Amino acid sequence: MYLSMMRQFRKQLTQMKVWLDHAQTHAKERSFESNVLLQARLAPDQFPFVRQVQAACDVAKLVAARLSGKEAPSHPDTEATLDELRARIDSVIAYLDGFSESDFAEAATRKVSQPRWEGKWMTGEDYFFQHGLPNFYFHTTTVYALLRHNGVVVGKRDYLGPLDLRAPA
């Protein structure tokens, strides 16, 4: 199950790169520097666009790391362009591609904690469903919403990406 969810993280991150392509096209068509979007916010107290992309990447890699017991790659949060954000996304996708089902054999019962939880912990299953998955979709949806809010033409199909539809038998 967890490997399948890593595939879903991968798919959504891949779609995020499509959204960045749309953002660059939008900026070019309207004659503004696309990297201006990196500081866009929906509200003054919310992370800017760049941090939302970074957070989506961080959640994906940290969920995989915490559930597998492996070390996550480090990213210093220095991205200042859409191209640098693409590179970060590619790095996380490559990390996710390195997992197998056996890496998550003990994921459901693994104790997961974070420094901000002040010594408290969750089982891997609870962590995944109550914290990891909702956080991932919170940040990816916010990235999408920021682009829509700034006039970038992205739609539901851009959000969902390709579907594995099958013809009737």
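Rule-based calculations on the coordinates, nothing more; no lab input. On a predicted model such as this, the values are computed, not experimentally measured, just so you know. With ideal geometry, Cβ positions are generated from the backbone for all residues, glycine too; neighbour counts draw on all protein chains shown.
Mind listing whichever residues of segment 128-163 are loosely packed, with under 13 Cβ neighbours inside 10 Å and among the basic types (Lys, Arg)?
Scanning segment 128-163 gives Lys156, Arg157.
Hey, Val18 hits all of (1) without any contact (Cβ under 8 Å) to a residue 60 or more places away in the chain; (2) over 25 Å from His131 (Cα atoms); (3) among the β-branched types (Val, Ile, Thr) but one; which does it fall short on?
Every listed condition holds for Val18 apart from (1).
Please verify whether segment 28-40 includes one or more residues that are at negative phi, crowded, with 16+ Cβ neighbours inside 10 Å and among the basic types (Lys, Arg).
Looking through segment 28-40, none of the residues is at negative phi, crowded, with 16+ Cβ neighbours inside 10 Å and among the basic types (Lys, Arg).
Considering only residues that are basic (Lys, Arg) and farther than 18 Å from Ala43 by Cβ, which ones fall in segment 130-169? Talk me through it step by step, then tell me what you get.
To start, the set of residues in segment 130-169 that are basic (Lys, Arg) comprises 148, 156-157, 166.
Listed by number, the residues that qualify are Lys156, Arg157, Arg166.
Looking at (1) more than 16 Å from Leu67 (Cα to Cα); (2) in contact (Cβ under 8 Å) with a residue 24 or more places away in the chain, which one does Phe128 not meet, given that it meets all the others?
Every condition holds for Phe128 apart from (1).
Please indicate, with yes or no, whether at least one residue in segment 52-60 is in contact (Cβ under 8 Å) with a residue 60 or more places away in the chain and surrounded by fewer than 19 Cβ atoms within 10 Å (Cβ to Cβ).
Taking segment 52-60 as the starting set, the residues that turn out to be in contact (Cβ under 8 Å) with a residue 60 or more places away in the chain are 52-53, 55-56, 59-60.
Filter again for surrounded by fewer than 19 Cβ atoms within 10 Å (Cβ to Cβ), leaving none.
Looking for residues that are in contact (Cβ under 8 Å) with a residue 60 or more places away in the chain and surrounded by fewer than 19 Cβ atoms within 10 Å (Cβ to Cβ), one finds none in segment 52-60, hence no.
Taking the options Glu79, Glu125, Glu101, Glu106, name whichever one is over 17 Å from the mean Cα position of the chain (by Cα) and either surrounded by 15 or more Cβ atoms within 10 Å (Cβ to Cβ) or of a type in the set (S, T, N, Q) (or both).
Working: Glu79 fails: over 17 Å from the mean Cα position of the chain (by Cα); Glu101 fails: either surrounded by 15 or more Cβ atoms within 10 Å (Cβ to Cβ) or of a type in the set (S, T, N, Q) (or both); Glu106 fails: either surrounded by 15 or more Cβ atoms within 10 Å (Cβ to Cβ) or of a type in the set (S, T, N, Q) (or both).
The match here is Glu125.
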